[in-house]
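Worksheet: one structure, shown below.
The values are calculated or read from the model by the stated rules, or taken from the named source; none is laboratory data. Being a predicted model, the structure only gives us computed values, none of them experimental. Glycine gets a Cβ as well: all are built from the backbone with ideal geometry, and neighbour counts include every protein chain shown. The area values use the complete protein model at the heavy-atom level, side chains included, leaving out ligands, DNA and RNA. Shrake-Rupley method; radii C 1.70, N 1.55, O 1.52, S 1.80 Å.
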Amino acid sequence: MSMYFHLRAVPPPALRNSANWMRRLFEDDWNAVRERIGRHREEVLDRSYLDHDLLYAGAPVVLGGRPVNHPVPDNPPFLMLTAAQVGRVAAFLASADFEELWQPAREELLPEHLDGDLEDELHTVFAATHRDLTAFYSRTAAYGDAVVKCLLR
């Protein structure tokens, strides 16, 4: 079963500190999700989302946040960032040099993912995800929105 890390921008007045509300927030069909991704209002990372922690070791809030327990006990908690935290993440990502983030992380990522022959491909995938996250957080910060995150199966 594939796991996905789903991030969604939410206007602060609409934000609820309710696990059931957060669960409903992530129940849209994939057509609606893709449309919001295209507008940088939502982002979805594939099963390698944990590896991005290696890139963002200095800023764990990129993938972290305040936990809100999921209504289903065996599911991981939702994570929530305030609009102020989103602004700080956006500033970090906008000023970060991907190559400077990549070099320390690459030593751990390469053996885990593939042969050295495919390093360029792995680099490309992580660079694209970095650009997507930067666009998502930049747009979300520009709107003054919060972010809710969910790990989906």
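Inspect all residues belonging to the stretch 90-107 and state whether any of them is modelled with pLDDT of 90 or more and in contact with a strand residue (DSSP E or B) (Cβ under 9 Å, 6 or more places away or on another chain).
No: zero hits.
Is the stretch 65-88 home to any residue that is within 21 Å of V125 (Cα to Cα) and open to solvent by less than 60 Å² (accessible area, probe 1.4 Å)?
Residues of the stretch 65-88 that are within 21 Å of V125 (Cα to Cα), as a first pass: none.
For the stretch 65-88, residues within 21 Å of V125 (Cα to Cα) and open to solvent by less than 60 Å² (accessible area, probe 1.4 Å): absent.
With the requirement that a residue be open to solvent by less than 70 Å² (accessible area, probe 1.4 Å) and part of a loop (DSSP other than H, G, I, E, B), what does the stretch 49-64 give you?
The answer is Y56, A59, L63, G64.
Give all pairs with beta carbons closer than 9 Å in which a residue from the stretch 10-38 that is open to solvent by 100 Å² or more (accessible area, probe 1.4 Å) meets a residue that is among the hydrophobic types (A, V, I, L, M, F, W, C) and assigned to a helix (DSSP H, G or I); count only pairs at least 6 apart in sequence or on separate chains.
The qualifying pairs are R16/M22; R16/L25.
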